[in-house]
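Novice: Once you've had a glance at the structure underneath, I'll fire off some questions.
The values are calculated or read from the model by the stated rules, or taken from the named source; none is laboratory data. Quantities reported herein were computed from a predicted structural model and do not represent experimental measurements. Here the Cβ positions follow ideal geometry from the backbone for every residue, glycine too, while neighbour counts run over all protein chains shown. The accessibility values were calculated without ligands, DNA or RNA, using every heavy atom of the protein model including side chains. Shrake-Rupley method; radii C 1.70, N 1.55, O 1.52, S 1.80 Å.
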Amino acid sequence: MRPFDYVRAGDGRQAVGLHEPGTMYLAGGTNLVDLMRLGVAEPDRLVDVGRLPYDRIEPVPDGGVRIGATVRNSDLGAHPDIRRRYPMLARAVLSGASGQVRNMATVGGNLLQRTRCGYFQDVSKPCNKRAPGTGCPAIPGEHHNLAIVGHSDSCVATHPSDMAVALTALDARVHVTGTGGDRVVPMPGLHRLPGTDPQRDTVLEPGELITTVELPAPPVGRSTYRKVRERASFAFALVSIAALLDIDSDGIVRECRLALGGVAHVPWRAARAEDALIGSVAGEEAYAAAADAELALARPLPRNAYKVALARNLITSTLRELAP
Amino acid sequence: MAFLTVQVNDVEHHLDLDTRTSLLDLLRERLRLTGSKKGCDHGQCGSCTVLVDGRRVNSCLLLAVACDGSQVTTVEGLAGGDGLHPVQEAFIEQDAFQCGYCTPGQLCSVVGMLDEGGPSAITEDLSTEPVLDAAEIRERMSGNLCRCGAYVNIVAAIEQAAGVAAPVAQAEAVR
Ligand SMILES: Cc1cc2nc3c(=O)[nH]c(=O)nc-3n(C[C@H](O)[C@H](O)[C@H](O)COP(=O)(O)OP(=O)(O)OC[C@H]3O[C@@H](n4cnc5c(N)ncnc54)[C@H](O)[C@@H]3O)c2cc1C
Ligand code: SF4
Ligand code: FES
Ligand code: FES
């Protein structure tokens, strides 16, 4: 690991002020320390933002909730209001990593964690995301766990977060602060597709600090988060889904939210499936049509076509489970 | 280099340290507390689990400098005296290890886990406090791998320590 300076910031403004080229923010460190040990991240300075006072979960007057960026994943998943009002978020967070990692990991760090693509993590290999212009060995090589939608010839990586999938379905608003002032970035919209510059995971500028994630009042309906993985616990998703469904007394779908994890460079809001479902008669036929509408976009690679079938089955079976 | 004050098993240490040092390396290499083990150094196995300010964490992913001002408890400090912690006793009674390499991490993880409460990823009803049955224990302990596969007895030991199942002695008496 390359030597670096370490400073603990007292407040957000100080953290932003301490950020120079070569600086990285450190929160729980569960992703960044790992990447530094692997030689993937080589900061000159770490500004520790893990103890900044953004550690509260507070209701807001419009019925929503404000979640601080340094709230630990374990505290988010265990919070009574989150469990009661945003169950898909509680379930998504609880399904991620392990008890130990969740005790360290923060909301801000979880959003900005990097892909688990094996080539990205191996500095002896080329990788456009880590070393722009060197190529993407995953396309001809090992990609069984990588993207089926939204990828490019430059990069087929997926975003690994579970929490971000639920936040994407819930229309989260990410509050950030930087030298240019404060702004709000909506989800979907924080993460970006790889295009020709996969080195950029998100729309954030260098030095921008996430302070809070705000959720609007929860939409009416039954909701859940389901995750398919290679073992029953402590594994990243192959495909996951955050879903909400509300059916009126005539059996018509009134509201529906669907977001997929493990399929793209971003937590993937399945807007076409939602559009197909809302206003239609709830039932097997509508669920299948919604899944097909979304997955018409899929461009699977030779070794991950199984994910298309997996995503389709996950969408339909989850909707079936949520229907009363 | 960085200067750091950290309390480990109730002893305060003032240290000058390379910023790259993990808490795990500080414990093992500087303080010679070799109970905490290095299995993977990537957060994937749990053998380095310790309690920081009462919460279980992977000490391999924690920079020591980030622990300035914290209280750390390692397996050496669990009992807090000459005897054994009830979780340690339960592991012995239930024969919950073979080689023992994962055990210090398992022990710290159990002590942290028993303090956590709340639902897990497998809890059916998120509004309830679930009963800590074998399935809940397995889910909550999934961050601790055991290469010897002593899982069955580890679960039994945790059930015993948590008081959800009758201790072996009683079970045998009934039989
Ligand atoms: C073994 C293992 C298994 C895992 N399994 C899962 C899983 O199944 N599902 C899942 O979703 N995740 C999983 N994770 C990933 C884990 O959730 C993330 O590592 C964690 O959420 C990152 O949060 P952190 O606070 O530790 O971030 P750090 O590692 O501290 O930081 C991550 C990145 O975010 C930046 N950053 C942090 N905070 C801010 C902020 N406030 N503003 C701006 N930038 C910031 C840092 O500069 C860094 O680039 C796993 C991790 C491990 C080690
Ligand atoms: S998929 Fe993306 S992260 Fe993986 S090797 Fe290709 S460019 Fe790198
Ligand atoms: S050594 Fe820390 S989790 Fe494996
Ligand atoms: S007892 Fe050998 S690894 Fe668990």
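Novice: Please give the per residue accessible area of the protein assembly as shown, computed with a probe of 1.4 Å over protein heavy atoms only, in Å².
Specialist: 41 Å²
Novice: Mind checking the mean number of beta-carbon atoms from other chains within 10 Å of the Cβ atoms in B:51-57?
Specialist: Whole-number average of other-chain Cβ neighbours for B:51-57 is 4.
Novice: Also, quick follow-up: Compute accessible area for region A:20-66 by itself and then with all protein chains, 1.4 Å probe, and report residues whose area falls by 40 Å² or more.
Specialist: Relative to the lone chain, where solvent access is computed with a 1.4 Å probe, region A:20-66 loses at least 40 Å² at A:Val33, A:Asp34, A:Arg37, A:Arg51.
Novice: Here's another thing I want to ask about it. Report, in degrees rounded to the nearest 10, the 0 to 90 angle that the Cα long axis of helix B:103-114 makes with the longest principal axis of chain B.
Specialist: That works out to roughly 70 degrees.
Novice: Using packing as a proxy for protection, rank A:31-41, B:55-65 so that the peptide with the highest average count of other Cβ atoms within 10 Å comes first.
Specialist: The most tightly packed comes first, giving B:55-65, A:31-41.
Novice: Tilt of helix A:284-295 relative to the longest C-alpha principal axis of chain A, in degrees (0 to 90, nearest 10)?
Specialist: That helix lies at roughly 30 degrees to the long axis.
Novice: Right, here's the next one. Checking an interface number: how much accessible area is buried between B and A, summed over both chains, with a 1.4 Å probe, in Å² rounded to 100?
Specialist: 3000 Å²
Novice: Within 10 Å of each Cβ of A:291-301, how many other protein chain Cβ atoms are there on average?
Specialist: Shielding by partners across A:291-301 averages 0.
Novice: Next up: Report, ordered by chain and residue number, the aspartates and glutamates lying within cross-link reach of B:Lys38, taken as a straight Cα distance under 12 Å and ignoring same-chain residues fewer than 8 apart.
Specialist: B:Asp25, B:Glu29
Novice: Based on Cβ point charges of +1 for Lys and Arg and -1 for Asp and Glu, what charge dipole magnitude is obtained for chain A about its Cα centre, in debye rounded to the nearest 20?
Specialist: I would put it at about 740 debye.
Novice: Also, quick follow-up: State whether the protein assembly as shown is rounded, prolate or oblate according to the following rule on the C-alpha gyration tensor (a ≥ b ≥ c being the square roots of its eigenvalues): a/c under 1.5 gives rounded; otherwise a/b larger than b/c gives prolate, and the remaining case gives oblate.
Specialist: It comes out oblate by the Cα gyration axes.
Novice: Tell me the angle of helix A:306-322 to the major Cα principal axis of chain A, expressed in degrees between 0 and 90 and rounded to the nearest ten.
Specialist: Here the helix axis deviates by roughly 60 degrees.
Novice: Same structure, new question: Over region B:2-77, what relative contact order in percent results from Cα pairs under 8 Å that are six or more residues apart?
Specialist: Averaging sequence separation for qualifying contacts and normalising by length gives 40 percent for region B:2-77.
Novice: Could you sort B:140-147, B:111-118, B:6-13 so that the peptide with the highest average Cβ count within 10 Å comes first and the rest follow in order?
Specialist: Ranked from most to least packed, the peptides come out as B:140-147, B:111-118, B:6-13.
Novice: Going Cα to Cα from A:Lys307, which lysines come in below 25 Å? Please leave out same-chain ones fewer than 8 positions away.
Specialist: Of all the lysines, those that pass the test against A:Lys307 - Cα under 25 Å, at least 8 places apart if same chain - are A:Lys129, A:Lys227.
Novice: While we're here: Which whole number gives the average count of other chain Cβ atoms within 10 Å of the Cβ atoms across peptide B:146-156?
Specialist: Mean inter-chain Cβ contacts per residue within 10 Å come to 0.
Novice: Another one. Out of A:Val93, A:Val47, A:Thr23, whose Cα points farthest toward the positive end of the dipole of region A:1-140 (charges: +1 Lys, Arg; -1 Asp, Glu; placed on Cβ)?
Specialist: Comparing the listed Cα positions along the dipole, A:Val93 ranks first.
Novice: Ignoring everything except DSSP H segments at least 4 long, calculate the 222 nm mean residue ellipticity for the protein assembly as shown; use -39,500 (n - 2.57) per segment, divide by total residues, nearest 500.
Specialist: -7500 deg cm²/dmol
Novice: Need one word for region B:40-112: rounded, prolate or oblate. Basis is the Cα gyration tensor (sqrt eigenvalues a ≥ b ≥ c); a/c below 1.5 gives rounded, then a/b vs b/c decides.
Specialist: oblate
Novice: Rounded to the nearest percent, how much of the accessible area of the protein assembly as shown (1.4 Å probe, protein heavy atoms only) is carbon and sulfur?
Specialist: 51 percent
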